[in-house]
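Worksheet: one structure, shown below.
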Amino acid sequence: MSNPSTLVITTAAEMSTFSRQKKVAGETVGFVPTMGALHEGHMALVRESRKNNDVTVVSVFVNPTQFNEPSDLDSYPRTFEADLKLLSEVGADVMFFPNALEIYPTNETKMYEMDGLDLMMEGPNRPGHFNGVVQVVTRLFDIVIPDSAYFGEKDFQQLTIVKYMSDKLGYATKIVGCPTKREVSGLAMSSRNVRLSESGKERAIAISRSLKEIGSHLAEQDSALDLVLYDARKSLSESEGLELEYLELVDPVTLAQATNDSLQIQACVAAWIEGVRLIDNMQVK
Ligand code: AMP
């Protein structure tokens, strides 16, 4: 079977017209926002969208407003040809590939009140990051007008904030969270993994291993939350070549610190390996 070809759209006006025409024709539009350097994790979101919608649009836009380190923005991988090939193979209908002027014609920074969801974990370490995420997601929603939008649980705080903010700002788009895709080793797939050496990837396995251990330790000794967290932080901090930024146990909806009474707990972690910042999370209760 020949690969269906993916249409590349570069302007906001054309993208909007395309979506409107589909919707007028009674078709549903599923949307997967990405920053490119696509991998199997992104493909899982595209497949989920294709399963549930008539048309699937994937945006590839390295959003400058969500980077707080210019060097991180500069070194972010950009792989247009490979991305388009993958999108054609998986059967995405449209790759929306705008430049910054299409997304931010006025250069205006909008400020969003996230009611505290941006204050913990990623928040303090990446000032302005979630404001940039909400700014780009709302702008993309305004252009693409999706019925449903697909986000990875890999970026757990982002998913929680997007769900909350799209509701708060009155978007009709249904936000769908999709499970994290992992390498066989357990390492969460990420566009940033290409910057790790083989030994860096080996070291990074400690992250998902420690999240799994938290789950099994909590199941064994249900009440000793503080102790389990202390031990996990200690073992990750002592892991060779890894610098722990945070490890937190939180409520999955409010992101408040979990307690022994929490019914559900998400373990969320950020760590540095070979100058690459990696994040991961798992439901541990
Ligand atoms: P990014 O291109 O890194 O901004 O990611 C675009 C979307 O893909 C976000 O919703 C991410 O959460 C999601 N994503 C990234 N990595 C994975 C993964 N390993 N599994 C599932 N979803 C992912």
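Please compute the net charge surrounding Thr17, taking Lys and Arg as +1 and Asp and Glu as -1 over other residues with Cβ under 15 Å from its Cβ. Don't jump to the answer; show the numbers that get you there.
Details: positive: Arg20, Lys22, Lys23; negative: Glu14, Glu27, Asp93, Glu102, Asp142.
Taking every Cβ under 15 Å from that of Thr17, the sum is -2.
First select every other residue whose beta carbon is under 14 angstrom from the beta carbon of Ala172; then total the charges, Lys and Arg +1, Asp and Glu -1. Numbers along the way, then the final one.
On the way: positive: Lys23, Lys163, Lys168, Lys174; negative: Asp142, Asp147, Asp167.
Result for the neighbourhood of Ala172: +1.
Using a 7 Å offset from the Cα along the Cα-to-Cβ direction at both Ala13 and Ile205, what is the distance between the two label points in nm, to one decimal?
For Ala13 paired with Ile205, the spin-label model returns 5.4 nm.
Calculate log10 I(q)/I(0) of the chain for q = 0.10, 0.13, 0.15 Å⁻¹, where I(q) comes from the Debye formula with a single equal point scatterer on each Cα and nothing for solvent.
Calculated log10 I(q)/I(0) at the listed q: -0.55, -0.92, -1.20.
Roughly how big is the stretch 135-254's charge dipole about its Cα centre, with Cβ charges of +1 (Lys, Arg) and -1 (Asp, Glu), in debye to the nearest 20?
Its charge dipole is roughly 520 debye.
Which value, in Å² and to the nearest 10, is the accessible area of Tyr112 when all protein chains are kept and the probe is 1.4 Å?
Ignoring ligands and nucleic acids, Tyr112 comes out at about 40 Å².
Quick check for you: which residues of the stretch 83-98 have the amide N under 20 Å from the point 7 Å beyond the Cα of Glu40 toward its beta carbon?
So the set is 83-92.
How far apart, in nanometres, would the label points at Asn52 and Leu227 be if each is projected 7 angstrom from Cα along the Cα-to-Cβ direction?
Label-label distance for Asn52 and Leu227, simple model: 4.1 nm.
Note the count of lysine pairs whose C-alpha atoms are less than 16 angstrom apart in the chain, limited to pairs 8 or more residues apart or on different chains.
Pairs that pass both the separation and distance tests number 11.
Which one of Pro105, Pro77, Pro179 has the biggest mean-square fluctuation once the chain is modelled by GNM with Cα springs under 10 Å?
Among Pro105, Pro77, Pro179, the largest GNM mean-square fluctuation belongs to Pro105.
With a ≥ b ≥ c taken as the square roots of the eigenvalues of the C-alpha gyration tensor of the stretch 111-194, please select rounded if a/c is under 1.5 and otherwise prolate if a/b is larger than b/c or oblate if it is not?
It is oblate, given that a/c is not under 1.5 and a/b is not larger than b/c.
Loop only per DSSP, at most 12 neighbouring Cβ atoms within 10 Å: give me the chymotrypsin sites (Phe, Trp or Tyr not before Pro) in the stretch 1-87, ordered by residue number.
Sites meeting the loop and neighbour criteria: none at all.
Is the stretch 6-110 rounded, prolate or oblate when judged by the Cα gyration tensor, a ≥ b ≥ c being the square roots of its eigenvalues, rounded requiring a/c under 1.5 and prolate requiring a/b larger than b/c?
Judged from the Cα gyration tensor, the stretch 6-110 comes out oblate (a/c at least 1.5, b/c at or above a/b).
Can you tell me the FRET efficiency between Arg78 and Leu119 if r is taken as the Cβ-Cβ distance and R0 is 35 Å, rounded to the nearest 0.05?
Efficiency for this residue pair is about 0.65.
Give me the angle, in degrees from 0 to 90, between the Cα long axis of helix 156-168 and the longest principal axis of the Cα atoms of the chain, rounded to the nearest 10.
Its long axis makes an angle of about 50 degrees.
Gaussian network model of the chain, Cα springs within a sub-10 Å range: biggest mean-square fluctuation belongs to which of Pro70, Pro252, Pro33?
Among Pro70, Pro252, Pro33, the largest GNM mean-square fluctuation belongs to Pro70.
Stretch Lys174-Asn107 to full length: gain in nm at 0.36 nm per residue minus the Cα-Cα span?
Here the answer is 21.3 nm.
What do you get for GluC sites (Glu not before Pro) in the stretch 148-251 restricted to DSSP loop and a cutoff of at most 13 other Cβ within 10 Å of the site's Cβ?
Working: sites: Glu153, Glu183, Glu198, Glu202, Glu213, Glu220, Glu238, Glu240, Glu243, Glu245, Glu248; in loops: Glu153, Glu183, Glu238, Glu240.
Sites meeting the loop and neighbour criteria: Glu238, Glu240.
Return the equivalent ellipsoid semi-axes of the stretch 128-271 as a descending list in whole Å, where each equals the square root of 5 times an eigenvalue of the C-alpha gyration tensor. If you can, show how the numbers build up before the last one.
Details: eigenvalues 176, 85, 31 Å².
Rounded to whole Å, the semi-axes are 30, 21, 13.
Over all distinct alpha-carbon pairs, what is the Kirkwood Rh of the stretch 53-120 in angstrom?
About 14.7 Å, per the Kirkwood formula over Cα pairs.
Is the C-alpha gyration tensor of the stretch 32-172 telling us rounded, prolate or oblate? Criteria: a/c under 1.5 is rounded; beyond that, a/b larger than b/c is prolate, otherwise oblate.
Because a/c hits 1.5 or more and a/b exceeds b/c, the stretch 32-172 counts as prolate.
The values are calculated or read from the model by the stated rules, or taken from the named source; none is laboratory data. Note that the structure is predicted; figures quoted are calculated from it, not measured. As a convention, Cβ positions derive from the backbone with ideal geometry for all residues, glycine included, and neighbour counts pool all protein chains shown. To get the accessible areas, we keep the full protein, side chains included, count just its heavy atoms, and leave off ligands, DNA and RNA. Shrake-Rupley method; radii C 1.70, N 1.55, O 1.52, S 1.80 Å.
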